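Heads up: the structure comes next, in structure tokens.
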Amino acid sequence: MLNQNIRTIRKSKGLSQEELAIKLNVVRQTVSKWEQGLSVPDSDMLIAISRVFEIPVSTLLGETVAEQQPDDLKVISEKLEVINLQLAQRKEIRRKVWHWFFILLCGVTALLFAILFILKSPYLGWDYTNPEIAVFAAVLHVFEFIYVRLAPFVLLAGAVGIILTRKKM
């Protein structure tokens, strides 16, 4: 909505992106990114844009306000606070997902290691005259060989991940 408002108001004022950029002391690409919705101007820049367009910031943000707010900075700061809270919630959810992923990684790694330890390589006593058993045993041996060498590193990486993603008080 903001990007469309900037473009519409700029065109209605007869300004090019270059002219608006010069008035705001930014490069033309910045105005282009705002209008494409690839970035958003910060609160100070929103105030500068509203001054150039000679409109209230609330109109620029898309609100229809009957009476003019005495303090545009307060309105902008409230909106930015809501956006900040949403971003903080997303970051917290992402942290929790990674934390539980690392816990699950350590648990699965330890469980597979315990299963391999309990089984004590049963394929070593198999009859290898049957080609199907020989292939299966070879695949199982390769898995065990690689897994036993990589498991400590996976456990270490998981433990480091758990520590780095834990909630800090």
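Derivation of every value follows stated rules applied to the coordinates shown; laboratory data play no part. Everything quoted here is computed from the prediction, not taken from an experiment. So basically every Cβ, Gly included, is an ideal-geometry build from the backbone, and we count neighbours across all protein chains shown.
Could you tell me the center-to-center distance, by alpha carbons, between region 136-166 and region 7-22 in angstrom?
Their Cα centres are 58 Å away from one another.
Tally Lys/Arg at +1 and Asp/Glu at -1 over every other residue whose Cβ is under 14 Å from the Cβ of Q17; what's the total?
Net charge around Q17: +4.
Give the label of the value calculated from the structure for Cα extents along the principal axes in Å, choosing from (i) 64, 38, 34; (ii) 88, 38, 27; (iii) 59, 40, 29.
(ii)
Sort 51-57, 112-118 for me by packing, meaning the mean count of neighbouring Cβ atoms within 10 Å per residue, highest on top.
Averaged packing, sorted descending, gives the order 51-57, 112-118.
Full extension from K167 to Q89: what is 0.36 nm times the residue separation minus their Cα-Cα distance, to one decimal in nm?
Length gained, K167 through Q89: 26.8 nm.
Tell me the trypsin sites (Lys or Arg not before Pro) within region 87-169 that lie in a loop according to DSSP and have at most 15 other beta-carbon atoms within 10 Å.
Hits after loop and neighbour filter: K120, R166, K167, K168.
Against the longest principal axis of the chain, how steep is helix 131-165, in degrees 0 to 90 to the nearest 10, with axes from Cα atoms?
40 degrees
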